[in-house]
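Q: Submitted below is the structure of interest, expressed as structure tokens.
The values are calculated or read from the model by the stated rules, or taken from the named source; none is laboratory data. If you're wondering where the values come from, they're calculated on a predicted model, not measured in any experiment. Backbone-built Cβ (ideal geometry, glycine too); neighbour counts: all protein chains shown. The area values use the complete protein model at the heavy-atom level, side chains included, leaving out ligands, DNA and RNA. Shrake-Rupley method; radii C 1.70, N 1.55, O 1.52, S 1.80 Å.
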Amino acid sequence: MRAGANVYVGYPITPANLIFSYASRRFPIALPAPDEITALQWMAGLSAAGYLPVTATSFPGFALMVESINMAYMMELPMLIVLVQRLGPSTGTATAGAQGDLLLLDGLISGGYPLPVLCISDLEDCWLLPALALRTAVELRAPVVLLSSKEMVMTQASFDLSQLPEIEPVRRVFYPGLGPYRSYDPGDGLVPPFLPVGNDHHIVRLNASTHDRSGLLQHTSEEAMANTRRLGEKVEALTPVLYHLDEQEGARTLVVSYDITSGAAREAVRMLRAQGIPVSLLLARTLLPIPAIYYEVIDRYPRVVIAEENAQGQFARLLFGRRIPSKIRLVGAVGRMVRPEEIVQEVLAP
């Protein structure tokens with residue numbers, strides 16, 4: 001809200017309920033939707049009207065939102081969706097955490113187009129990343145997913161709030177021209193200037209089907225296909241690359257993690273270094289599109305341990321597909337958090 005989000009649309013679902021509760025007391029506008037499909041449709045309408053909407057959900061609700069997220073992606077409507085992961089499949093166990101939604105996010109947009117996905121890894125990120133995610137949504141004119149998990153959202157911890165920097169509001173710039181306004185004309189860039197519907201000067205055409213730069217329905221014309229390709233190009237080029245890298249001289253092993261397991265990874269690295277064992281650490285905050293720097297760092301190490309709270313090694317699969325290189329070692333858990341000792345054990349394993 002400090003960054004400029006001005007409306008929250010929610011439907012209560014565990015473990016995102018606390019966000020729903022806090023938002024209903026703090027946002028200038030908070031709308032309780034009757035279901036998650038309606039929530040995303042309202043988000044789209046509010047975004048089209050110039051608001052910056054936010055919602056939070058978990059997998060069952062997110063699954064209902066998928067078609068509407070695709071719609072908002074095609075219409076180029078900025079919004080923020082907080083996805084609080086929990087144990088699946090299906091409704092699974094609502095009060096057990098997990099990191100099981102990453103591969104779903106990679107294939108969320110029909111046609112294989114990338115969706116910006118940022119990920120919280122510690123308490124400070126809980127303060128900083130929502131603002132960055134909202135700014136990304138505005139600058140890209142796109143839905144952005146902020147990934148978290150049950151433990152990060154529902155666990156209480158002591159924290160020195162005085163160490164947190166000020167949050168600067170997102171600066172919104174609407175189309176300043178005299179017209180005519182073409183809703184999807186990016187000019188010399190990749191992102192068209194935004195203009196809310198219902199303004200006093202210009203017609204604004206928003207279209208969820210294949211369209212030209214004016215927003216007019218097209219089949220597969222050259223202009224329409226170029227416009228569709230641009231949707232992926234802007235996300236690939238403009239999504240911020242956020243990560244934490246702590247490399248130690250002489251280290252031959254790299255520990256990689258993200259989200260809630262980042263805490264266990266940090267602790268494991270501290271334990272190993274206390275024993276005189278050099279080890280490096282990479283914590284991913286930008287998950288999609290995959291930053292090229294992750295491959296550059298991983299390539300420097302003969303041994304890489306990837307830790308995440310699922311059984312499939314989803315981040316490893318995201319990076320390498322199903323043919324994971326032999327130098328990659330996986331540490332996973334289902335129904336509980338990954339323990340630092342398990343990461344240490346894999347680093348030390350022959």
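Q: Which value, in Å³ per residue, describes the convex hull spanned by the Cα atoms of the stretch 110-216?
A: Output value, Cα hull per residue: 160 Å³.
Q: Tell me the Kirkwood radius of the stretch 107-156: reciprocal of the mean inverse pair distance over distinct alpha-carbon atoms, in Å.
A: For the stretch 107-156, the Kirkwood estimate is 12.0 Å.
Q: Using Cα-only point scatterers and the Debye equation, what is log10 of I(q)/I(0) for the chain at each q in 0.08, 0.12 Å⁻¹, rounded to two decimals?
A: Values returned for q = 0.08, 0.12 Å⁻¹ are -0.40, -0.88.
Q: Please say if the stretch 13-76 is rounded, prolate or oblate, where rounded means a/c under 1.5 for a ≥ b ≥ c the square roots of the C-alpha gyration tensor eigenvalues, and otherwise the choice is prolate for a/b larger than b/c and oblate otherwise?
A: Oblate shape, in that a/c is at least 1.5 and b/c is the bigger or equal ratio.
Q: Near the amide H of Phe194, under 5 Å away, which other amide H atoms are found, from residues 5 or more places off or on another chain, if H is placed in the peptide plane?
A: Amide H to amide H, under 5 Å and 5 or more residues apart or across chains, Phe194 pairs with Tyr175.
Q: Can you compute the helix-only [θ] at 222 nm over the chain? Use -39500 (n - 2.57) per DSSP H run of at least 4 residues, normalise by all residues, nearest 500 deg cm²/dmol.
A: -10500 deg cm²/dmol
Q: Moving on to the next point. Given an 8 Å cut-off on Cα distances and at least 6 residues of separation, report the relative contact order of the chain as a percent.
A: 16
Q: I'd like to compare 298-308, 21-31, 208-218: which one has the highest average count of other Cβ atoms within 10 Å, and what's the full order after that?
A: 298-308, 208-218, 21-31
Q: Taking the Cβ-Cβ separation of Ile293 and Glu67 as r and a Förster radius of 30 Å, what is the calculated FRET efficiency to the nearest 0.05? Kindly include the intermediate steps, with their values, before the conclusion.
A: On the way: r = 33 Å, r/R0 = 1.10.
Efficiency at R0 = 30 Å is approximately 0.35.
Q: If you don't mind, there's one more thing I want to ask. What residues qualify as long-range amide H neighbours of Val305, i.e. H under 5 Å apart, gap of 5 or more or another chain, H built at 1.01 Å from N?
A: Those qualifying (amide H under 5 Å, at least 5 residues apart or on another chain) are Leu254, Val255, Val256, Arg329.
Q: Can you tell which of Asp106, Asp200, Asp122 shows the greatest fluctuation in a Gaussian network model of the chain with Cα springs below 10 Å?
A: Ranking Asp106, Asp200, Asp122 by mean-square fluctuation puts Asp200 first.
Q: Only loop residues by DSSP count here, and only those with at most 12 other Cβ atoms within 10 Å; note down the GluC sites (Glu not before Pro) in the stretch 110-201 that meet that.
A: Counting only loop positions with at most 12 other Cβ atoms within 10 Å, the GluC sites (Glu not before Pro) in the stretch 110-201 are Glu166.
Q: Another question about this same structure. Once you have a ≥ b ≥ c as the square roots of the Cα gyration tensor eigenvalues for the stretch 156-257, tell me rounded if a/c is under 1.5, and otherwise prolate or oblate according to whether a/b is larger than b/c.
A: It is oblate, given that a/c is not under 1.5 and a/b is not larger than b/c.
Q: Using alpha carbon centroids, what distance separates the stretch 42-80 and the stretch 191-257, in Å?
A: Each part reduced to its Cα centre gives a spacing of 15 Å.
Q: Output the Kirkwood hydrodynamic radius of the stretch 1-156, Cα pairs only, in Å rounded to one decimal.
A: Final number for the Kirkwood radius of the stretch 1-156 is 15.2 Å.
Q: Next question, about the same structure. Between Ala94 and Asp35, take the C-beta separation as r, use R0 = 25 Å, and let me know the FRET efficiency to the nearest 0.05.
A: Efficiency, rounded to the nearest 0.05: 0.90.
Q: Moving on to the next point. Quick one: pull the percent of accessible area on the chain belonging to carbon and sulfur, 1.4 Å probe, ligands and nucleic acids left out. Walk me through the intermediate numbers first.
A: On the way: 8350 of 15710 Å².
Of all accessible area on the chain, carbon and sulfur atoms account for 53 percent.
Q: Now for a separate question. Give me the accessible area per residue for the chain, probe 1.4 Å, as a whole number in Å².
A: Heavy-atom accessible area per residue stands at 45 Å².
Q: Within a Cβ distance under 13 Å of Gly313, other residues only, what is the Lys/Arg minus Asp/Glu net charge?
A: So the environment of Gly313 carries a net charge of +1.
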